[in-house]
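Student: What follows is a structure written as structure tokens; I'll ask about it next.
The values are calculated or read from the model by the stated rules, or taken from the named source; none is laboratory data. The shown structure was predicted, so the numbers you read here are calculated from the model rather than taken from an experiment. So basically every Cβ, Gly included, is an ideal-geometry build from the backbone, and we count neighbours across all protein chains shown. Remember, those area values only see protein heavy atoms, side chains included, never the ligands or the DNA or RNA. Shrake-Rupley method; radii C 1.70, N 1.55, O 1.52, S 1.80 Å.
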Amino acid sequence: MDEAVGLLEGELEAERRALADIDTEDAWLAYLRFGRQLFDVPDTPDADGLLFQYGSYSFDGPPTFTLDLTRQFEIVDSHGEHDHYVQVHCELRYGLAPALQALGSFDSWFFHDAGADLDEWAQGLSERAVWTTIRALKPAQIRVYKERV
């Protein structure tokens with residue numbers, strides 16, 4: 001899990017373009033490749049999850065429409081009890097056009113141990129109306145980072 005940020009960055013670089021030149025579709029495909037990689041996680045429910053979420057937010061400046069592609073790992077203590085989560089984010093920020101604001105907000109989780117199929121989850125998300133609006137957009141900013149939650 002310590003290498004997760006580097007692995008996600010590697011998937012983004014596999015598009016053979018500078019991070020600033022990657023569009024939404026490229027980032028989504030890189031995120032799915034990253035999501036298929038298996039990690040050594042605790043044997044607990046929901047220890048390895050993927051989160052697709054978007055909305056209009058102003059975290060550290062003016063409001064922007066943000067698509068956040070996140071992978072969450074559970075971290076346990078020496079007794080196997082939950083300690084915290086680590087989230088690896090691929091955050092795509094866009095301007096705040098009316099069409100983006102009109103999308104509202106949304107989130108969807110996928111957990112590797114839940115018996116669901118990753119490709120089916122991804123297909124369902126790519127059929128949402130949001131893709132008509134953002135699929136070919138180029139984000140104004142892409143941030144890849146890790147945080148403890």
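Student: Enter the accessible area per residue of the chain (Å², integer; probe 1.4 Å; all protein chains in place).
Tutor: Heavy-atom SASA per residue in the chain reads 53 Å².
Student: Taking Cα centroids, how far is segment 38-54 from segment 92-147 in Å?
Tutor: The distance from the Cα centre of segment 38-54 to that of segment 92-147 comes to 17 Å.
Student: Could you tell me the accessible area of residue 109 in Å² (1.4 Å probe, neighbours in place), rounded to the nearest ten?
Tutor: We get 90 Å² for residue 109.
Student: How large is ³J(HN,Hα) for each residue in segment 85-96, as worked out from phi by the Karplus curve 6.51 cos²θ - 1.76 cosθ + 1.60 (θ = phi - 60°), to whole Hz, x for Gly and Pro?
Tutor: Here the 3J(HN,Hα) series is 10, 10, 10, 10, 10, 10, 9, 10, 10, 10, x, 10 Hz.
Student: With a cut-off of 13 Å, note down the residues of segment 128-149 whose backbone N falls inside the zone around a label point 7 Å from the Cα of residue 102 toward its beta carbon.
Tutor: Under 13 Å, as judged by backbone N against the label point of residue 102, lie 129-130, 132-134 of segment 128-149.
Student: From the P(r) of the chain, can you give the percent of Cα pairs sitting at distances over 19 Å?
Tutor: 53
Student: Additional query: Classify segment 81-149 from the C-alpha gyration tensor, please: rounded if a/c falls under 1.5, else prolate or oblate depending on whether a/b exceeds b/c.
Tutor: Oblate, because a/c is 1.5 or more while a/b does not exceed b/c.
Student: Another one. Please build a GNM for the chain, connecting alpha carbons under 10 Å apart, and tell me which residue among 124, 49, 35 fluctuates the most.
Tutor: Of 124, 49, 35, the most mobile in the Gaussian network model is 124.
Student: How much of the calculated P(r) for segment 29-77 lies past 16 Å, in percent of all Cα pairs?
Tutor: 54
Student: Name the most mobile residue of 132, 64, 24, meaning the one with the largest mean-square fluctuation, in a Gaussian network model of the chain with Cα contacts below 10 Å.
Tutor: 132
Student: In whole percent, how big is the carbon plus sulfur part of the accessible area of segment 1-118, probe 1.4 Å, protein atoms only?
Tutor: Carbon plus sulfur share of accessible area: 50 percent.
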